């Protein structure tokens, strides 16, 4: 894994070098640069373009407020870590990412994105790993060329700083010795009419991201969780949303929309999460309600309503989707 990340970083540097060679007849206005910090046996590296002020007003103009910025120039800024870390208080597993920011006058949002190798205008919010806020400070003297600094604050901790014009943004990080899974597995079950239903699924968290319509796109099939397929097992014939589901094992998918969600019960039992519409048993509309308090992480649960019925609930962010389940 370590060698693969070094290889990917090398490829990114080669692409940047090739771009520079094509433009060697003119001075580089935003040269490519990198900064590396080694903590004990762990390494963090950032590769980015370094634009200069050149007499321009930067914050709020060249770098607009409340719009995603590539955090540099030209190619997307890349961050590589050889260790699992807590970055700005949120978990970031070891790996290669792109690093984006959402500046505002009072504070910045940091964005770690799973897409790599792209140009700096090709930001895909559906690929966000995490978003988190970072404070802003004023520098005593202007910094003419955009600069990213990595400084050690301890044996396995440090701070990432963004410096430009009179603005300083600081993000602390530290090695995570025991990082919990980003989307841990969970299960829920209920008995209706003497028949037990169970669902196994994974629970992704919001991590500062916009969920509906972005992380979970509208009008596209979603695995209804994360990682492995979401599995439904029933020990007897039941009705979900008025549709008969015979005893057996199934996979649950869904299609979110702005005003609701369609639950798909697939005859696929186990195996990969890949969706095959030929295996559909049923498509069932679920009612949507909005909530004041976010459901986070994603959750599936049953609410019994007597001995023979229950409500199946899917909740994440500001939405909860419901459908009836009957065993009589």
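Below is a table of values for the structure above.
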read-out	value
Among residues of the range 272-309, those that are assigned to a loop (DSSP other than H, G, I, E, B) and touching a strand residue (DSSP E or B) at 6+ places or on another chain (Cβ under 8 Å), counted	6
Matching residues in the range 108-138 - criterion: being assigned to a loop (DSSP other than H, G, I, E, B) and within 19 Å of residue 96 (Cβ to Cβ)	114, 115, 116, 117, 118, 120, 122, 123, 124
Flag for residue 268 being in a loop (DSSP other than H, G, I, E, B) and either without any contact (Cβ under 8 Å) to a residue 12 or more places away in the chain or crowded, with 19+ Cβ neighbours inside 10 Å (or both)	yes
Selection count where residues are in contact with a helix residue (DSSP H, G or I) (Cβ under 8 Å, 6 or more places away or on another chain), touching a residue at least 60 places away in the same chain (Cβ under 8 Å) and under 23 Å from residue 122 (Cβ atoms), scope the range 50-100	5
Members of the range 211-220 found to be surrounded by 17 or more Cβ atoms within 10 Å (Cβ to Cβ) and in a loop (DSSP other than H, G, I, E, B), listed by number	211, 215
Count of the range 150-171 residues which are buried (at least 16 other Cβ atoms within 10 Å of the Cβ), in contact (Cβ under 8 Å) with a residue 40 or more places away in the chain and within 26 Å of the chain's Cα centre (by Cα)	7
Residue count for the range 73-100, restricted to those that are surrounded by 21 or more Cβ atoms within 10 Å (Cβ to Cβ) and assigned to a strand (DSSP E or B)	12
Those residues of the range 238-258 which are assigned to a strand (DSSP E or B) and either over 33 Å from the mean Cα position of the chain (by Cα) or at pLDDT below 95 (or both), in sequence order	238, 239, 243, 244, 245, 248
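The values are calculated or read from the model by the stated rules, or taken from the named source; none is laboratory data. Remember, predicted model here, so these are calculated numbers, not experimental data. A quick note on method: Cβ atoms are made from the backbone with ideal geometry, for glycine too, and the neighbour counts reach across all protein chains shown.
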